[in-house]
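Engineer: There's a structure below that I have some questions on.
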Amino acid sequence: MKAKPYHKRETVQSSYTRDPISEVIQEAVVKTQSSLVYNACYGALICPVGNYWKEYEEAIKHYSEEELKQEHPGKIRPEGYKHPTFKCPDMSPSPSIPTSVERVKAADIKVIAALGDSLTTAIAANASTFLGVPIEYRHVSFSIGGHGSYEDVITLANIVKLFNPDVLGPAPVWTLHNYPITVNDTGFNLAVTGHNTVNFSIQARDMINTFKTYPGLNFKEDWKLVTILIGMNDICDYCKDRKLFTADNFIHYLTQSLDMMMNEVPRLIVNVVQIFTMKPLREVSKPTLGCLLQKSFCSCLVLPDENSTELAELVELNLVFQRKLEELLNSERFFKEDFAVVLQPFVTHAQPPRLPNGKIDLSFFTPDCFHFTIKGHEELAKGLWNNMFQPPDAKEMIDTFSEPVTLICPSEKHPYIYTRPNALSSASSLHIIWSLMTLTILLTIWSNLH
């Protein structure tokens with residue numbers, strides 16, 4: 001997509017401690033009827049059932065102007081905040097460019113990208129008011145944010161930058177949902193707020209075309225890392241179209257896009273983040289007026305009564321989505337010499353963060369009570385990084401966001417990103433066990449004969 005950027009890149013480089021909304025943008029957000037609003041379907045034949053912008057527009061009608069502008073300082077990063085430096089014993093690249101997807105170190109990654117929905121565009125991640133909800137804080141997104149350095153904000157891209165400072169693709173700035181953007185604004189954060197899996201092939205094609213044409217990117221030689229988190233909007237929209245948003249369709253459309261990547265993109269590692277267990281989000285909706293927005297964005301989850309059949313059906317659907325995703329990606333379906341898709345399951349059963357008194361810690365959630373603040377994005381980034389360097393049968397799960405994730409270094413024995421799928425790892429283990437048993441039997445026979 002080519003369009004004139006609607007803002008300058010340097011607007012957020014100095015600080016991200018307050019909403020970067022100019023008076024012009026505030027006016028556009030409040031009115032929302034401006035002819036400048038861009039259709040987020042990007043020319044798709046099928047548009048999302050849920051339209052984020054329209055739902056936001058409808059939701060803010062319930063607020064007074066004073067409420068819309070009310071500050072929530074606990075949801076933004078304090079000015080001057082710095083993380084301690086993160087270093088590992090080995091942060092060097094391989095002596096030569098790896099040819100096998102099983103021998104790629106963090107420093108070998110030359111390109112980083114991300115696809116998905118509003119969790120990847122980081123909607124409202126540093127918003128202190130309801131007016132900040134349409135802002136996509138792509139530059140602090142857990143998988144691709146490139147704001148400052150690791151010390152400023154922990155994202156997967158900023159961790160990779162510690163190993164390879166020249167990596168291409170980290171998102172440089174924030175964008176405004178439904179306004180024209182270019183790759184200069186997004187970096188390779190090509191996620192689209194509001195997308196369902198049915199739209200996902202649009203993002204996959206956009207990424208492939210961008211990789212092929214981006215200056216300085218060696219399409220054939222560079223190792224690329226893309227992180228995908230998609231599917232939760234399907235669950236949020238299930239009650240609106242039960243035939244479209246099935247688990248089988250989720251797998252169908254995701255497989256379609258992964259096939260596209262496998263067939264067209266050399267030297268690519270794909271992280272697929274497991275879908276969250278979503279029912280706990282209902283608890284986040286209770287404490288504040290701002291959570292009216294959550295009822296608009298994920299009504300199929302939030303509106304049903306606690307003991308209703310509708311909620312029970314959605315909870316079961318959530319589990320089926322997770323199970324079918326595991327079945328697809330733990331197989332050898334998407335694994336070859338220079339390509340792998342890896343399921344990163346760290347959030348599968350994660351519970352929302354709580355304060356010592358047992359109440360939900362709202363500092364992790366944006367004013368819409370649905371998306372993560374920077375605080376939440378950083379925990380996601382650390383969990384994702386850790387899973388990348390853990391074997392398929394030993395990937396750590398986040399039990400609760402109340403306990404900060406401790407970042408790990410790649411091990412000395414296996415400094416590579418784990419890419420071999422569980423099915424092949426298990427088969428390899430069985431082969432080794434069988435070989436050892438056979439050798440033992442042969443040695444026993446030989447010993448008895450002599």
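The values are calculated or read from the model by the stated rules, or taken from the named source; none is laboratory data. None of the values given here were measured: they were computed from a predicted structure. We place every Cβ from the backbone using ideal geometry, glycine too, and count neighbours over all the protein chains shown. Heavy atoms of the whole protein, side chains included, go into the accessibility calculation; ligands, DNA and RNA do not. Shrake-Rupley method; radii C 1.70, N 1.55, O 1.52, S 1.80 Å.
Engineer: In 10 Å bins starting at zero, report the fraction of Cα pairs in the stretch 349-409 per bin as a rounded %.
Structural biologist: Reading upward from the zero bin: 22, 50, 23, 5.
Engineer: While we're on this one: At 37 °C and a viscosity of 0.692 mPa s, what translational diffusion coefficient does Stokes-Einstein give for the stretch 88-211, taking Rh as the Kirkwood radius over Cα pairs? Give it in µm²/s as a whole number.
Structural biologist: 217
Engineer: Starting from the Cα gyration tensor of the stretch 144-206, take the square roots of the eigenvalues, sort them a ≥ b ≥ c, and report rounded, prolate or oblate (rounded when a/c is under 1.5, otherwise prolate if a/b is larger than b/c, else oblate).
Structural biologist: Prolate.
Engineer: If you don't mind, there's one more thing I want to ask. Output needed: percent of Cα pairs per 10 Å distance bin for the stretch 190-263, bins running from 0 to the one holding the longest distance.
Structural biologist: Final binned percentages: 18, 46, 25, 10, 2.
Engineer: Accessible area of the stretch 304-401 with a 1.4 Å probe: how many percent of it is carbon plus sulfur?
Structural biologist: Of all accessible area on the stretch 304-401, carbon and sulfur atoms account for 51 percent.
Engineer: How much accessible area per residue does the stretch 142-264 have, counting only protein heavy atoms and a probe of 1.4 Å, in square angstrom?
Structural biologist: 29
Engineer: Then there is this: Quick one: Cα convex hull volume of the stretch 303-421, Å³ per residue?
Structural biologist: For the stretch 303-421, the hull spanned by Cα atoms encloses 142 Å³ per residue.
Engineer: Go through TYR81, TYR150 and list them by solvent-accessible area, largest first, probe radius 1.4 Å.
Structural biologist: The ordering from most to least exposed comes out as TYR81, TYR150.
Engineer: Provide the solvent-accessible area of ARG242, counting protein heavy atoms only and rolling a 1.4 Å probe, rounded to the nearest 10 Å².
Structural biologist: Roughly 100 Å² of ARG242 is accessible to a 1.4 Å probe.
Engineer: For the pair LYS212 and ARG323, how long in nm is the line joining their label points, each one 7 Å along Cα→Cβ?
Structural biologist: So the two model labels end up 4.0 nm from each other.
Engineer: Given the C-alpha centroids of the stretch 356-412 and the stretch 83-142, what is the distance between them in whole angstrom?
Structural biologist: Comparing the Cα centres of the stretch 356-412 and the stretch 83-142, I get a distance of 14 Å.
Engineer: Another question, if that's okay. Ranked highest first by average number of other Cβ atoms within 10 Å, how do 261-274, 103-116 line up?
Structural biologist: 103-116, 261-274
Engineer: Relative contact order, percent, of the stretch 177-293 when contacts are C-alpha pairs under 8 Å separated by at least 6 residues?
Structural biologist: 32
Engineer: Between ARG333 and SER363, what FRET efficiency comes out of the Förster formula 1/(1 + (r/R0)^6) with R0 = 35 Å and r the beta carbon distance, rounded to 0.05?
Structural biologist: Taking R0 as 35 Å, the efficiency between SER363 and ARG333 is 0.30.
Engineer: Just how far, in whole angstrom, is the stretch 327-341 from the stretch 244-280 if you go by their alpha carbon centroids?
Structural biologist: Centre-to-centre (Cα) distance: 12 Å.
Engineer: Also, quick follow-up: Any chance you could run the full-extension gain for ASN184 through PHE219? It's 0.36 nm times the residue separation minus the Cα-Cα distance, nm to one decimal.
Structural biologist: Contour length minus the Cα-Cα distance gives 10.7 nm.
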